[in-house]
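Structure, as structure tokens:
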Amino acid sequence: MALRDKLTERVAPLLQPGEQVRHVFLAQAGANPWLGNSFGLLLQGMVKRRVVAVTDQNVVVLGATFNGTKPTQVLHRLPRATPIGPTKGIWSRIQLGGDTMWVHAKFRKEIAAADAGVAG
């Protein structure tokens, strides 16, 4: 099962009834990933894992376990019209719900598709 499918399945219990996931990706808040990777385990305690689910109704930011793939709680529920990008570089900085988060380039297509769904 692909990561996207696993994340979609795992966020479903934390969504509102009838809400359907359109896009989902991993992010991290806290320490800048460049610093976290440079200092290894020293700064890993400052990293907060996030799962962002873009549904047909909302943009939902969820807190996640240490490995980052199991959502534990809803942190922010934002209007669907909330833009996520633009993204650039290996680690893109995004703002959602007043939190600064970092998203890896491998999720750039998910973010672009989510933002295109708002524009289109």
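Derivation of every value follows stated rules applied to the coordinates shown; laboratory data play no part. Everything numeric in this text was worked out from a predicted model, so none of it was measured. Reconstructed Cβ throughout: ideal geometry from the backbone, glycine too, with neighbour counts over all protein chains shown.
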Descending semi-axes in Å of segment 3-119, equivalent ellipsoid built from Cα gyration tensor: 23, 16, 12
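Going by average Cβ density within 10 Å per residue, which order do the peptides 83-95, 54-66 take, highest to lowest?
Output ranking for 83-95, 54-66: 54-66, 83-95.
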Amide hydrogen neighbours beyond the local backbone of Val24, cut-off 5 Å, H modeled: Val54
Other-chain or far-sequence residues with amide H under 5 Å of Met46's (modelled H): none
Student exercise, the chain dipole from Lys, Arg, Asp, Glu Cβ charges, in Debye to nearest 20: 220
